[in-house]
Amino acid sequence: MDQNRDGFIDKNDLRDTFAALGRLNVKQEELDEMLKEAPGPVNFTVFLTMFGEKLKGADAEETILNAFKVFDPEGKGTLRKDFLAQMLTTQADRFSPEEMEQMFSAFPPDAAGNLDYKNLVYIITHGEEKDQE
């Protein structure tokens, strides 16, 4: 997401992320408005919250869940932190060490080292944590 690797998501990074999700004609004004909504510079955590709010109402939650499920054939709803880190730093648009640190500090794995990706996707697409029942 952070194409210039400066630790922040800027307007060009936002446009590229929308394009990667299939939305190619994002208006300049919409990107400007998104950046104005942020309380300051947009790091990974701020980005997830903001982007999740923009994706509400779309089928993005199911799409994102399906992407994670590719790596979870048993349907546990969790992925090993070390496996996820390896995938995100070695495949396609690779995460930087800083992006990995931001993600795992925002969404820490449990004591066994598993990341609850269903909750992560919910937060990305709804902007808040699910009530734990």
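Taking every Cα atom in region 62-133, find the radius of gyration and the maximum pairwise distance Dmax, and write them in Å.
Spelled out, the Cα radius of gyration and Dmax of region 62-133 are 12.0, 36 Å.
At a 10 Å Cβ-Cβ cut-off, how would you order 62, 74, 30, fewest neighbours first?
In order of increasing Cβ crowding within 10 Å: 74, 62, 30.
When the helices in the chain are scored as -39500 (n - 2.57) per DSSP H run of 4 or longer and the sum is shared across all residues, what 222 nm value do you end up with, to the nearest 500 deg cm²/dmol?
-16000 deg cm²/dmol
Rule-of-thumb check for region 11-126: C-alpha Rg over 2.2 N^0.38 Å?
Compactness ratio reported: 1.09.
Mind sorting 29, 98 by how few other Cβ atoms lie within 10 Å of their own Cβ, fewest first?
Lowest count first: 29, 98.
Between residue 80 and residues 5 or more places away or on another chain, which pairs have amide H atoms under 5 Å apart, with H built 1.01 Å from N, and which residues are they?
115
Under 24 Å between C-alpha atoms is the cut-off here; go through the chain and count lysine pairs that meet it, provided they're at least eight residues apart or on different chains.
23
Report Rg (one decimal) and Dmax (nearest whole number) for region 1-54, counting Cα atoms only, units Å.
10.2, 27
Each reported figure results from applying straightforward, stated rules to the coordinates on display, with no laboratory input. Quantities reported herein were computed from a predicted structural model and do not represent experimental measurements. As a convention, Cβ positions derive from the backbone with ideal geometry for all residues, glycine included, and neighbour counts pool all protein chains shown.
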